[in-house]
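The values are calculated or read from the model by the stated rules, or taken from the named source; none is laboratory data. The model shown is predicted, which means the values in this text are computed figures rather than measured ones. Cβ atoms come from the backbone with ideal geometry, glycine included; neighbour counts cover every protein chain shown.
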Amino acid sequence: MDITSLDFQQARIKQVLFKSRLRSVLYGVREAEPNLFSLRDNPLAQWLDTIIKPQYGLIPETREIERTISQMLDTGQALVRQYQRGQLEEARAGLEQIDGFAQRIEALLQKLEQHVLSAA
């Protein structure tokens, strides 16, 4: 299976979707679903497992993206716990941490995309 720029764009959308869902929880629009913080159920991690890892699992960026996703999910879960304890402003301020993880993932995706597309 050839991996294209479109595949990477879809991965970026999956990242934005997680941030949007987390933000909606921290602003009281929706309840936190247990699978929101599951690495196995995370759409970006699933994409990594099914699309990238079979061919490019040994590339350092692949492993680093997975590690960063895991850290982001753990941080998001901690922010929801803060929110549930009534620490609304602190939890919402923590979204900056999530943005930091997202920026790190984006940079890694760019490196991975360059590697994958140049190998094609």
Kindly provide the set of residues from segment 74-83 that are hydrophobic (A, V, I, L, M, F, W, C) and crowded, with 16+ Cβ neighbours inside 10 Å, ordered by number.
Leu79, Val80
Neighbours by Cβ (under 8 Å, 6+ apart or cross-chain): first from segment 1-27, more than 16 Å from Asp74 (Cα to Cα) and charged (D, E, K, R); second assigned to a helix (DSSP H, G or I) and modelled with pLDDT under 95
Asp7/Ile51
Among the residues of segment 84-108, what is the count of those that are small (Gly, Ala, Ser) and closer than 17 Å to Leu17 by Cα?
2
Condition first: crowded, with 18+ Cβ neighbours inside 10 Å, closer than 21 Å to Phe8 by Cα and at pLDDT 95 or above. Can you find one or more residues in segment 84-97 that meet it?
no
Among Ile105, Ile59, Ile69, Ile51, the single one that is touching a residue at least 40 places away in the same chain (Cβ under 8 Å), β-branched (Val, Ile, Thr) and touching a Leu at 6+ places or on another chain (Cβ under 7 Å) is Ile59
Inside segment 1-73, counting only helices (runs of 4 or more DSSP H) that do not spill past its ends, which hold 2 or more residues that are crowded, with 19+ Cβ neighbours inside 10 Å and either on the phi > 0 side of the Ramachandran plot or in contact with a Gly (Cβ under 8 Å, 6 or more places away or on another chain) (or both)?
5-26
Name the residues in segment 109-120 that are farther than 18 Å from Leu17 by Cβ and either part of a helix (DSSP H, G or I) or hydroxyl-bearing (Ser, Thr, Tyr) (or both), would you?
Gln110, Lys111, Leu112, Glu113, Gln114, His115, Val116, Leu117, Ser118, Ala119
